[in-house]
Amino acid sequence: MIQQIDHLGIAVKDLKESIEYYETALGLHCHGQEEVESQKVKTAFFDAGGVHIELLEPTSEDSPIAKFLEKNGEGIHHIAYRVDDIDGQLKKASDAGVRLIHETPIDGAANKLVAFLHPKSTHGVLTEFCQSK
Ligand code: ZN
């Protein structure tokens with residue numbers, strides 16, 4: 001079951017500059033930074049009342065985030081739902097005809113399992129399921 005929106009993923013060109021914006025202009029506190037090798041990104045997390053903001057800077061040119069930035073520029077990249085049964089949630093989506101980017105969950109940031117649904121079959125929103133390990 002979907003429990004709540006866990007975070008919004010936002011693609012940025014420069015993590016350091018972006019962190020400064022979120023801290024100085026919005027007054028949010030950065031509570032973690034991490035490199036996620038499986039997705040070739042550096043991330044920074046902010047807590048906005050239980051929903052997190054996940055900034056994503058690519059660490060390599062073939063990172064999915066690098067491709068996104070090239071095509072769209074900086075901005076909202078994905079929405080992530082916290083789920084309690086990621087395999088069941090993927091099966092439900094797949095049974096409903098949704099194209100999965102990950103058939104089985106992969107390691108994400110913050111010690112979570114994550115899997116993405118393809119935006120071509122989610123009405124334009126790159127959708128992530130995430131579950132704490
Ligand atoms: Zn995410």
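The values are calculated or read from the model by the stated rules, or taken from the named source; none is laboratory data. Being a predicted model, the structure only gives us computed values, none of them experimental. Using ideal geometry, Cβ is built from the backbone for each residue, glycine included, and neighbour counts are taken over all protein chains shown. Calculation scope for accessible area: heavy atoms of the full protein, side chains included, ligands and nucleic acids excluded. Shrake-Rupley method; radii C 1.70, N 1.55, O 1.52, S 1.80 Å.
Would you confirm whether any residue within the range 81-100 is within 16 Å of the chain's Cα centre (by Cα), more than 21 Å from residue 117 (Cα to Cα) and at pLDDT 95 or above? Scanning the range 81-100, I find no residue that is within 16 Å of the chain's Cα centre (by Cα), more than 21 Å from residue 117 (Cα to Cα) and at pLDDT 95 or above, so the answer is no.
Of all residues assigned to the range 17-30, at least one qualifies as being open to solvent by less than 70 Å² (accessible area, probe 1.4 Å) and among the hydroxyl-bearing types (Ser, Thr, Tyr). Scanning the range 84-110 for residues that are within 13 Å of the ligand (Cβ to nearest atom) and either in contact with a helix residue (DSSP H, G or I) (Cβ under 8 Å, 6 or more places away or on another chain) or of a type in the set (S, T, N, Q) (or both), we see that the one that is nearest to residue 43 (Cα to Cα) is 108.
Yes or no: residue 67 open to solvent by 30 Å² or more (accessible area, probe 1.4 Å), away from the ligand (no atom under 15 Å from the Cβ), closer than 21 Å to residue 106 by Cβ and part of a helix (DSSP H, G or I)?
On the way: open to solvent by 30 Å² or more (accessible area, probe 1.4 Å): yes; away from the ligand (no atom under 15 Å from the Cβ): yes; closer than 21 Å to residue 106 by Cβ: yes; part of a helix (DSSP H, G or I): yes.
Criteria met by residue 67.
Scanning the range 1-55 for residues that are part of a strand (DSSP E or B) and of a type in the set (S, T, N, Q) returns 3, 4, 33, 43.
Per-residue answers, yes or no, for (1) touching a residue at least 60 places away in the same chain (Cβ under 8 Å); (2) surrounded by 20 or more Cβ atoms within 10 Å (Cβ to Cβ):
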residue: 77; (1), (2): yes, yes
residue: 84; (1), (2): yes, no
residue: 109; (1), (2): yes, yes
residue: 115; (1), (2): no, yes
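Has the range 31-41 got at least one residue that is touching a helix residue (DSSP H, G or I) at 6+ places or on another chain (Cβ under 8 Å) and polar (S, T, N, Q)? Checked against the condition, which is being touching a helix residue (DSSP H, G or I) at 6+ places or on another chain (Cβ under 8 Å) and polar (S, T, N, Q), the range 31-41 yields at least one hit.
For the range 91-101, give me each residue that is open to solvent by less than 40 Å² (accessible area, probe 1.4 Å) and either part of a helix (DSSP H, G or I) or under 19 Å from residue 68 (Cα atoms) (or both). Can you show your working first?
Step one: filter the range 91-101 for residues open to solvent by less than 40 Å² (accessible area, probe 1.4 Å), giving 93, 98, 100.
If the condition is that a residue be open to solvent by less than 40 Å² (accessible area, probe 1.4 Å) and either part of a helix (DSSP H, G or I) or under 19 Å from residue 68 (Cα atoms) (or both), then 93, 100 are the ones that fit.
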